[in-house]
Structure formats: structure tokens, C-alpha cells
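Taking it in order: structure first as C-alpha cells, then the write-up.
The values are calculated or read from the model by the stated rules, or taken from the named source; none is laboratory data. Given the structure is predicted, the values throughout are model-derived calculations rather than measurements. FYI the Cβ positions are ideal-geometry reconstructions off the backbone, even for glycines, and counts take in every protein chain you see.
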Amino acid sequence: MSFLQSQNGIRHAAALNGVPLIATRAAAAQAVPTSDELAARAQAVAAVAAKHAPAVDRAARFPEEAIRAAKEQRLLGILVPAELGGEGASISDAVDVCYVLGRACGSTGLIYAMHQMMVACLIRHGPDSAWHHRLLRRIHTEQLLLASSTTEGQGGGDLRKSACAVEQEGSAIALTKNATVVSYGAQADAIVTTARRAADAPSSDQVLVAFCRDDYRLEHIVGWDTLGMRGTCSAGFNFEGGGKIDQVLPEPYQTIHAQTGMPVAHLTWSAVWAGIAASAVDRARAFIRGAAQKGNAQLPPGAAHLTRATASLRTLRAVITSALKRYETAAGNAPELESLEFQTSMNLLKVTASELAIATVSSALQASGLAGYRNDGEFSVTRHLRDAMSSSVMINNDRILANVATASLLVEIPAWLTK
Ligand SMILES: Cc1cc2nc3c(=O)[nH]c(=O)nc-3n(C[C@H](O)[C@H](O)[C@H](O)COP(=O)(O)OP(=O)(O)OC[C@H]3O[C@@H](n4cnc5c(N)ncnc54)[C@H](O)[C@@H]3O)c2cc1C
């Protein structure tokens, strides 16, 4: 399913495989939040997130106040279609919320982004699944928080291979996974995880399975004391889950990853990193303004770095909005989504956004000098820099660049700039 912006501005869900989730215009009109209303709700959460961000970062603790506020503002179920009781908001809406939250607290933004990426997968790839429909309803009514588990053992960021396998006996399933990185695994209400389809399946024959909290047990194996994104609490666990075969999404993970998981992850994560970069630029601007006032309107030497930061932030925002437009236009067209060209551009979005976010924050730091370099004070951008640095290792940029190397040889450079 995709969410499209109709000409009269009412977003509604498009049909996929004759899904009984098709939002009627009337239903969507009732449910879809207006941009102003959504912005106000996101800003209310951002205010809470910003207030607690330094403490969250210092203690590497879960941003419980911000996530509670997000639940109170009913932001966790915005993507859930109106037919399932949700708001039927678009991916653009979710991306905007990621940006606003990332601007306040990188960890809160990233938690929200990872949650929405999994919600998007459930919506699009469980169209006939009563079990997943029930879960989606609960995500809206109970404001459940979903975590994602792809990283396994020492396998790093290779999402397209699993070692663990779904074991099936009749309608019952069991899964044991060495889940070495699961952001907010201990705090989530459900974990959506990759696994091999069956014990005799090759590592690339994967499925996506949702387990609610009562379905699994987590044994803590490694902590999360990192440079940045400390509030995501991305600890490692031995995961032991059990449930019903209905909890396995019907489509292969290969399809889910190509059509939804990867593009929505890269769009929402990039929005969070852009939010972090925007916040660093805000601080650098305030510093340069203050310095100019003290210097009788004479701009300090660091002003050129602020210009550079502003320029890279503009490019970053443009890169994300253009990719977002492309995704929402292609969302109803599976072959287009799976085309080499589209996959390459969405993969490269992550690398480009990561590099631009880091460059923007670094320029903001140069603009404000020691005031930005300090861990304390209103102009500090140290948390921003540390959080932004996570973008290049979260599914390593090198891995992505290596994966798209062949595609770069095959995909032709367009003859025209605008067509
Ligand atoms: C903030 C944050 C939150 C996260 N949250 C989650 C989560 O909720 N759930 C989850 O499952 N995982 C999560 N992860 C983990 C993430 O998905 C990746 O698994 C992880 O970032 C991989 O890190 P790695 O350096 O160990 O592995 P790798 O990606 O294997 O990289 C290791 C090194 O090998 C190099 N390398 C690896 N492969 C190649 C290649 N093909 N070509 C060239 N170089 C290569 C890289 O340059 C890198 O230096 C999170 C990570 C971060 C940073």
C-alpha cells in the first residue's frame, strides 16, 4: 500500500493486491491530520525531547519523557490506515516528524524513525494478514513502540543475510536469535525481526516476523556505551521468541526490504540527521549573531563556516525532499521500486545524507569555535556531532558504496537534467 497526495490535498491509501485497506476519501478526510495539526503535535513532543536531551545523552538512557509525550500526542500510529483505526498519514508526514524530533534530540528522532520504518513494512506487506491488521490497530490504539532486529552475531550490517531460522511445528513457530544490536530492545512493546524462512533455507531466503512483548524473552548480552545516539539504548540480546505462523509477514523479506524497509529507513533516518544538522546550524547562527553584535556588526572570522554549514544543510534538505517525492510517486509501482536505478538512488541517499549531515555539523562547529566545542553552554554542538557521526556506521557507508558499485557501472547517466 502507498499513501499518495491527492489533488485536493487529501491523502489516501492506494490499493495494492486488492487490499481491503483502501482508504476512502471520506474516511481519509476524517482521519488524516492536517499539516498544522501534526506540526503542533510534533513540536509539543520536540519541546519535551529537547529539554531532556542532554540528560539522555549523558546517562545513555532511553528518552522516556519524549517517547511518553509522543504516545500522548498519538504520534506512533499516524501511518496506520484509517480502515484500521489509524490516521492514514503519508510517509512525508512521518519524515517531517522525524526531522522535527531529530532537531530536538537525535536519539528520540532515530527511535521514532526506526519505529515508523517497521510500521510501514507491516502496512504494505501484510495486506491480507488478520494478525498484522490486529497489531496495526493496537499500534494506533495502544501506541505500541516497535523495535527492529536485523543485526545478528558478528555479521554487521548485512541485512540481506540471516543465520537464525524460524522453526515451525504445525501452526506454532519459535525463533532464537543472537541479536547483537537492537535499539530500545528492552523498552519496545514489540520486535520485528529478520530470520531465515526455515532451518533448511539459505541465509538469503529471509522473512520478517513480528513478536509482541509477551511472545519473547531477552537476555542482555552487551551494553550500549557509544560516542553518540546514546539514548537509543541499542544493546545486544539473546532473543527467544515463540508465536504463530501468522506472525510471519507473507511476502519475502527481499521484497519488503526493496520496496519499503530500505527506502523508508533511509528517508526517515536522513530526516533525523537533517534535523540534527539544522539544530547545529541554529546554534552556530546564534553564536555568530551574538559575536557580530558584540563586534559592532563586524562578522567574526567563523562566519564563512556558517555560510558553508547553511549551504550543506540546504543541499541535504533538497536531497531528502527530492528522494521522498520520488518514493511517494513510485510507491504504487512495485517494478519501479525494485528497479536497479531506484534501488541505487535510495541506497545512495543514505550515504549522501550521512556525509552532508556530518559536514554540516562540522562546519557549524568551526563557525562557533570553542563555544561549539565545549560540552556545556548554549552553543555546544558536541552532542550533534557525536550523534551525526553514527550515520556513517549505521549500515556502514562503505558497505553500501561497495554494494552499489556494480550498479554504478550499469545505470546510465540521464541525458537530460530535468526529464
Ligand atoms: C545508532 C545505531 C542504531 C542501530 N540500531 C539497530 C537496530 O535497532 N537493530 C539492528 O538490527 N541493528 C541496529 N544497528 C546496527 C546496524 O544496523 C549495523 O548492523 C551496524 O551499524 C553494523 O556495524 P559494523 O561496523 O559492526 O559492521 P559492518 O557493517 O560489517 O562494518 C564493519 C566494517 O567493515 C567494513 N565493511 C563491511 N562490509 C563491507 C563491504 N561489503 N565493503 C566494504 N567495506 C565493508 C565497513 O567499512 C566497516 O568499517 C544500529 C547501529 C547504530 C549505529
> In the range 79-110, which residue that is touching a residue at least 60 places away in the same chain (Cβ under 8 Å) and assigned to a loop (DSSP other than H, G, I, E, B) is farthest from LEU38 (Cα to Cα)?
Replying inline: CYS105
> Within the range 153-164, can you find the residues that are without any contact (Cβ under 8 Å) to a residue 40 or more places away in the chain and within 8 Å of the ligand (Cβ to nearest atom)?
Replying inline: GLN154, GLY155
>> With the requirement that a residue be surrounded by 24 or more Cβ atoms within 10 Å (Cβ to Cβ) and either at positive phi or assigned to a helix (DSSP H, G or I) (or both), what does the range 137-151 give you?
In response: ILE139
>> Just to be sure before I move on: is ALA130 out of contact with any Leu (no Cβ under 8 Å at 6 or more places or on another chain), assigned by TED's automatic domain parsing to the domain that holds PHE239 and more than 12 Å from the ligand (Cβ to nearest atom) in the structure I sent?
In response: no
> In the range 311-331, what residues are in contact (Cβ under 8 Å) with a residue 40 or more places away in the chain and under 17 Å from GLY261 (Cβ atoms)?
Replying inline: ALA323, LEU324, TYR327, GLU328, ALA331
> Which fully enclosed strands (runs of 3 or more DSSP E) of the range 165-244 have 2 or more residues being touching a strand residue (DSSP E or B) at 6+ places or on another chain (Cβ under 9 Å) and touching a residue at least 60 places away in the same chain (Cβ under 8 Å)?
Replying inline: 172-182, 206-212, 235-244
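In the range 338-394, what count of residues is obtained for those that are acidic (Asp, Glu) and closer than 20 Å to ARG314 by Cβ? I'd like the intermediate steps shown before the answer.
Start the filter on the range 338-394 by keeping residues that are acidic (Asp, Glu), which leaves 338, 341, 355, 376, 378, 387.
So of that shortlist, the ones also closer than 20 Å to ARG314 by Cβ come out as 355.
Count: 1.
Residues that are of a type in the set (Gly, Ala, Ser) and within 11 Å of the ligand (Cβ to nearest atom): does the range 171-181 have at least one? Can you show your working first?
First, pick out the residues of the range 171-181 that are of a type in the set (Gly, Ala, Ser): 171-172, 174, 179.
From the residues that got through so far, the ones that are within 11 Å of the ligand (Cβ to nearest atom) too are 179.
Among the residues of the range 171-181, at least one is of a type in the set (Gly, Ala, Ser) and within 11 Å of the ligand (Cβ to nearest atom), which makes the answer yes.
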> In the range 49-95, how many residues are of a type in the set (D, E, K, R) and crowded, with 20+ Cβ neighbours inside 10 Å?
Replying inline: 4
> Among the residues of the range 269-286, is any within 14 Å of the ligand (Cβ to nearest atom), β-branched (Val, Ile, Thr) and assigned by TED's automatic domain parsing to the domain that holds PRO335?
Replying inline: yes
> Any residue in the range 288-307 that is in a helix (DSSP H, G or I), under 22 Å from the mean Cα position of the chain (by Cα) and over 14 Å from VAL95 (Cβ atoms)?
Replying inline: no
